[in-house]
Amino acid sequence: QVQLVESGGGLVQAGGSLRLSCGASGSISSFNRMGWYRQAPGKQRELIAAIYTEGQTNYADSVKGRFTISRDNAKNTVYLQLNSLKPEDTAVYYCNAAGRYNNYWGQGTQVTVSS
């Protein structure tokens, strides 16, 4: 069992930046994919950024060029750098660890972008 804890959310003005962190209670190197999802009010949770074991990354079109995902296996931490934030980025952001046989979620951190 691995616990994930997100931090770094908050209130920021449009155009601003935030850095989210996802700390794991165990090793993240064994997970095939570490991802960041977000869920806005009234909308489904969506995958916005993912990083794979070999370091490959994928991004949703809505955040491509503005958000950057990275991982530090030594610290068992995954990061999401959010730049050029827009009001439509307002959501609860969740960290996810996906392995072959298991799947873990954090409790989420709120990001609110004011116009």
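The ARG66 and ARG100 beta-carbon pair, evaluated with R₀ = 41 Å, returns a calculated FRET efficiency of approximately 0.85.
Taken over the Cα atoms of the range 1-57, the convex hull encloses 121 Å³ per residue. Dipole check for the chain: with +1 at the C-beta of Lys and Arg, -1 at the C-beta of Asp and Glu, and the Cα centre as origin, the magnitude is about 60 Debye. One quarter of the convex hull surface built on the alpha carbon atoms of the chain amounts to 6.7 nm², the projected area averaged over directions. When only alpha carbons are used to place a centre, the range 42-78 and the range 1-40 end up 9 Å from one another. Taking 0.36 nm per residue of sequence separation and removing the Cα-Cα distance, the LEU11/ARG45 pair yields an extension gain of 10.2 nm.
Each label was represented as a point 7 Å from its Cα along the Cα-to-Cβ direction; for ASN32 and ASN73 these points are 1.7 nm apart. Remark: the range 55-68, residue by residue, has Karplus-estimated 3J(HN,Hα) of x, 5, 10, 9, 9, 5, 4, 5, 10, 4, x, 10, 10, 9 Hz, where x stands for each Gly or Pro and the curve is 6.51 cos²θ - 1.76 cosθ + 1.60 at θ = phi - 60°. Once backbone amide H atoms are built at 1.01 Å from N, GLY16 has LEU85 as its partners under 5 Å, excluding neighbours fewer than 5 places away on the same chain. Amide hydrogen proximity for THR90: with H placed 1.01 Å from N in the peptide plane, the residues at 5 or more positions away or on another chain lying under 5 Å are VAL113. A simple count of charges around THR57, restricted to other residues whose Cβ falls under 15 Å of its Cβ and scoring Lys, Arg +1 and Asp, Glu -1, yields +1. Taken one residue at a time, the phi angles of the range 73-79 give Karplus couplings (6.51, -1.76, 1.60, θ = phi - 60°) of 5, 5, 9, 6, 9, 10, 10 Hz. Gly and Pro are set to x. Applying a DSSP loop filter and a limit of 15 other Cβ atoms within 10 Å to the chymotrypsin sites (Phe, Trp or Tyr not before Pro) in the range 1-110 leaves TYR101.
Rule-based calculations on the coordinates, nothing more; no lab input. Keep in mind that what you see is a predicted model, and the values were worked out from it rather than measured. Every residue, glycine as well, gets a Cβ built from its backbone with ideal geometry; the counts of neighbours run over all protein chains shown.
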